[in-house]
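Following: one structure in structure tokens, then a few remarks.
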Amino acid sequence: MTVNYWSKKTGAQDYWGALPSGSTEPDMRQELWNMFHGKYPELPKAQTGLIRRMTRDTDGNLTPCSCVDEMTHEPDRDRFCPICFGEGFLWEESYIQFYRTIIGSSPRNTHRDQLVAPGLINIPLVVFYIKYNNTIRETDKVVLLNVDVEGNIVQPAKRAAIYGFDAVWDYRSDRGRLEYYKGFGHLDYVKWLNAPTYTDLT
């Protein structure tokens, strides 16, 4: 079935038709839409950010940036690259809506420390819920923007944090219909979130 993603219609039934008569199962795609945008008495809970999608060549491989060294195959860590911002690969960013929640370093205990070879660490695990019509891969990243106390993006928009995915699950329901994406991510500590200003370089 062909889906018109440019349609002004919003409900899942507008695309796929009504649920089978007598069905008692919730429409998860519609439930997620209601949570994101609000449907009385529920308030909208979606957060607006950026999705950083890595570009690929015809073979599906990530496209390296021109700043990547031919010998070490690594990007320049000392100088700012205005093309890839130190990622080492080309990418494109676009606005996206998601719901974000923190479940900690372990689903069983949010604040449990873990003993590893270098020492004791605690890595927060963040879960992103994303609508079905946004194709997400594990090489993509979610970028948070600076927002005010009401959740509105501060203008001019400025990146606040970036999360890389450890895993992306596509949740499917009846007949294999894609309901939503659930991405498990961690905070990436990068040198360049935004293009540096003159004061940053002095």
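The values are calculated or read from the model by the stated rules, or taken from the named source; none is laboratory data. As the structure is a prediction and not an experimental result, all values here were calculated from the model. Note that each Cβ is placed from the backbone with ideal geometry, even for glycine, and that neighbours are counted across all protein chains shown.
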**Request:** Within segment 60-76, work out how many residues are at pLDDT 90 or above and among the acidic types (D, E).
**Result:** 0
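Would you say V126 is at pLDDT 95 or above and crowded, with 16+ Cβ neighbours inside 10 Å? Explain how you work it out, then say what you get.
Details: at pLDDT 95 or above: no; crowded, with 16+ Cβ neighbours inside 10 Å: yes.
So V126 fails the test.
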**Request:** Please go through segment 58-87 and pick out each residue that is at positive phi and out of contact with any strand residue (DSSP E or B) (no Cβ under 9 Å at 6 or more places or on another chain).
**Result:** G60, G86
**Item:** Matching residues, segment 138-193, being among the aromatic types (F, W, Y) and either in a strand (DSSP E or B) or loosely packed, with under 14 Cβ neighbours inside 10 Å (or both)
**Value:** Y163, F165, W169, Y171, Y180, Y181, F184, Y189
**Prompt:** For segment 130-155, how many residues are more than 24 Å from Y181 (Cα to Cα) and within 12 Å of the chain's Cα centre (by Cα)?
**Reply:** 0
**Fill in**
With the first residue restricted to segment 160-173 and required to be under 18 Å from I103 (Cα atoms), and the second required to be surrounded by fewer than 15 Cβ atoms within 10 Å (Cβ to Cβ) and acidic (D, E), Cβ contacts under 6 Å at 6 or more apart or on different chains are I162/D188; G164/D188; F165/E138; V168/E138
**Request:** Could you look through segment 29-77, keep only residues that are basic (K, R) and either in a strand (DSSP E or B) or in contact (Cβ under 8 Å) with a residue 60 or more places away in the chain (or both), and pick out the one that is farthest from T139 (Cα to Cα)?
**Result:** K39
**Item:** Every pair of residues 6+ apart whose Cβ atoms lie under 7 Å, when the first sits in segment 90-110 and is more than 15 Å from M35 (Cα to Cα) while the second is modelled with pLDDT of 75 or more and aromatic (F, W, Y)
**Value:** none
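Do you know which of the residues in segment 169-200 that are aromatic (F, W, Y) and more than 20 Å from F128 (Cβ to Cβ) is modelled with the lowest pLDDT?
Y198
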**Complete:** Only one of (1) modelled with pLDDT under 85; (2) touching a strand residue (DSSP E or B) at 6+ places or on another chain (Cβ under 7 Å); (3) not aromatic (F, W, Y) does not apply to S21, and that is (2)
**Asked** Which residues, counting only those in segment 78-90, are in a loop (DSSP other than H, G, I, E, B) and within 23 Å of L144 (Cα to Cα)?
**Response** F80, C81, P82, I83, C84, F85, G86, E87, G88, L90
**Request:** Identify the residue in segment 52-68 that is exposed (fewer than 12 other Cβ atoms within 10 Å of the Cβ) and not β-branched (V, I, T) and, among all such residues, is farthest from H37 (Cα to Cα).
**Result:** S66
